[in-house]
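Here is the structure we will look at, set down as structure tokens.
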Amino acid sequence: MRFTPARVAIFAATLAAVPALGDDLVIPPNAPTTAGSGGYSTLLNSQPRSYQLVIGESLLASVPIGARFTSITWRRPTWQSFPAWPGIGFTCAFANYDIFLGTAALPPGQMSTTATQNFGPDNTLVRSGPIVMQGEFFPGGSLSPSVNAFGTPLQFTTPFTYAGGDLLLTVRHDGNNCGGSGSLDTVGNPNTQAKGVSSYTQNNDWYNQGLITCLLTFDMPSGCAPDLTAGAVPGQPGYGVPNGFLNNDDFFYYLAQFAAGNVAVADLTTGAVPGAPGYGVPNGIISNDDFFYYLTIFSAGC
């Protein structure tokens, strides 16, 4: 089927809706008032590193199904007083800093030492490519029992839609160019498990590592299923983030994700017949049924 702006306009409806709400998720939940007793340099290392973290479903109770994770950050440790990183007047850049989110294939305590075996079917590359960190990107100066403020959020270019269950975070980078590594706070929790490896690409022989305290930001479901984005230009602020309005940008965003095979966004239904079993229930497969289902809910508006 060929799509043209004129054809899309037949189905488009620009309707006001309740604006999407945002919220924060700190892992572990007691971290805002609990200082860690150590730190890890995995995520800010001058050498290639990779890291995985499984977050148990019990720690995600505040995140409703359909919410979209839009950013992540971490914080400096306070077991001793660490300055801000990389520091005022300093810049550290990573040529490749890749972050994935998805449903975990294995729960905390049962992670595989092979990274790919921990991936669920919706594992999503939420940001990739270079990143530059300057000055007080990660604030410092506090000393236990106080904690440092969380750092500058790393925004996702492709938000991840939470479908329930345990959450898997994967971070891979090829080392920074400033020659120095920065440590980040660790506060443990039995409903999590982490592993790492000293490589950007290696998939096997990962070793046990502690939880690196993190802050994830998510948008609450907008209440309007076809509302998927605030704009249609990849990489721009609001791309892939619902904004409470339904217009042609949402349609073209879905079309792009459908063409790219993004299961996390484009898989919407098992069948295209209203009332039939599986209608409106994702099945892990993208087909024409998903497109026509989206077309139906887009045409219906909100």
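Of all residues in the range 157-182 being touching a helix residue (DSSP H, G or I) at 6+ places or on another chain (Cβ under 9 Å) and in a loop (DSSP other than H, G, I, E, B), which is surrounded by the most Cβ atoms within 10 Å (Cβ to Cβ)?
By that ranking, first place goes to Gly182.
Being closer than 21 Å to Phe82 by Cβ and in a loop (DSSP other than H, G, I, E, B) is the filter here, so list the residues in the range 123-141 that pass it.
Pro139, Gly140, Gly141
For the range 77-84, state whether one or more residues are in contact (Cβ under 8 Å) with a residue 24 or more places away in the chain and touching a Pro at 6+ places or on another chain (Cβ under 7 Å). Show your work before the answer.
Here is the first cut: in the range 77-84, the ones in contact (Cβ under 8 Å) with a residue 24 or more places away in the chain are 77-84.
In the following step, the residues that additionally are touching a Pro at 6+ places or on another chain (Cβ under 7 Å) were identified as 84.
Within the range 77-84, one or more residues are in contact (Cβ under 8 Å) with a residue 24 or more places away in the chain and touching a Pro at 6+ places or on another chain (Cβ under 7 Å).
Which of the following residues is under 21 Å from the mean Cα position of the chain (by Cα), modelled with pLDDT under 95 and surrounded by fewer than 21 Cβ atoms within 10 Å (Cβ to Cβ): Leu106, Leu21? Break it down into steps so the answer makes sense when it comes.
Values: Leu106 fails: modelled with pLDDT under 95.
Checking each option against the conditions leaves just Leu21.
Name the strands (runs of 3 or more DSSP E) wholly within the range 31-90 that hold at least 1 residues that are of a type in the set (S, T, N, Q)?
Where strands (runs of 3 or more DSSP E) fall fully within the range 31-90 and carry at least 1 residues being of a type in the set (S, T, N, Q), they are 49-55, 68-74.
Output the number of the condition that Asp185 fails; it satisfies all remaining conditions of (1) surrounded by 18 or more Cβ atoms within 10 Å (Cβ to Cβ); (2) part of a loop (DSSP other than H, G, I, E, B); (3) of a type in the set (D, E, K, R).
(2)
Here is a list of conditions, (1) surrounded by 18 or more Cβ atoms within 10 Å (Cβ to Cβ); (2) in contact with a Ser or Thr (Cβ under 8 Å, 6 or more places away or on another chain); (3) at pLDDT 95 or above, and Leu143 meets all of them except one; can you say which number that is?
(1)
Among (1) in contact with a Pro (Cβ under 6 Å, 6 or more places away or on another chain); (2) within 22 Å of Tyr253 (Cβ to Cβ), which single condition is Asn123 missing?
Going through the list (1) in contact with a Pro (Cβ under 6 Å, 6 or more places away or on another chain); (2) within 22 Å of Tyr253 (Cβ to Cβ), Asn123 breaks only (1).
Would you call Arg127 touching a Phe, Trp or Tyr at 6+ places or on another chain (Cβ under 6 Å), modelled with pLDDT of 95 or more and surrounded by 16 or more Cβ atoms within 10 Å (Cβ to Cβ)?
When the stated conditions are applied, Arg127 passes them.
Does Leu101 fit the bill of being modelled with pLDDT of 95 or more, within 19 Å of Lys195 (Cα to Cα), crowded, with 18+ Cβ neighbours inside 10 Å and of a type outside the set (Phe, Trp, Tyr)?
yes
Working carefully through the options Arg68, Arg76, find the one that is among the basic types (Lys, Arg), within 22 Å of the chain's Cα centre (by Cα) and modelled with pLDDT of 95 or more.
On the way: Arg68 fails: modelled with pLDDT of 95 or more.
Of Arg68, Arg76, the one residue that is among the basic types (Lys, Arg), within 22 Å of the chain's Cα centre (by Cα) and modelled with pLDDT of 95 or more is Arg76.
Taking only the range 211-230 into account, find how many residues are more than 12 Å from Thr70 (Cβ to Cβ) and either among the aromatic types (Phe, Trp, Tyr) or in contact with a Lys or Arg (Cβ under 7 Å, 6 or more places away or on another chain) (or both).
Of the residues in the range 211-230, 1 are more than 12 Å from Thr70 (Cβ to Cβ) and either among the aromatic types (Phe, Trp, Tyr) or in contact with a Lys or Arg (Cβ under 7 Å, 6 or more places away or on another chain) (or both).
The values are calculated or read from the model by the stated rules, or taken from the named source; none is laboratory data. From a predicted model like this one, the values you see are computed outputs, not experimental measurements. As a convention, Cβ positions derive from the backbone with ideal geometry for all residues, glycine included, and neighbour counts pool all protein chains shown.
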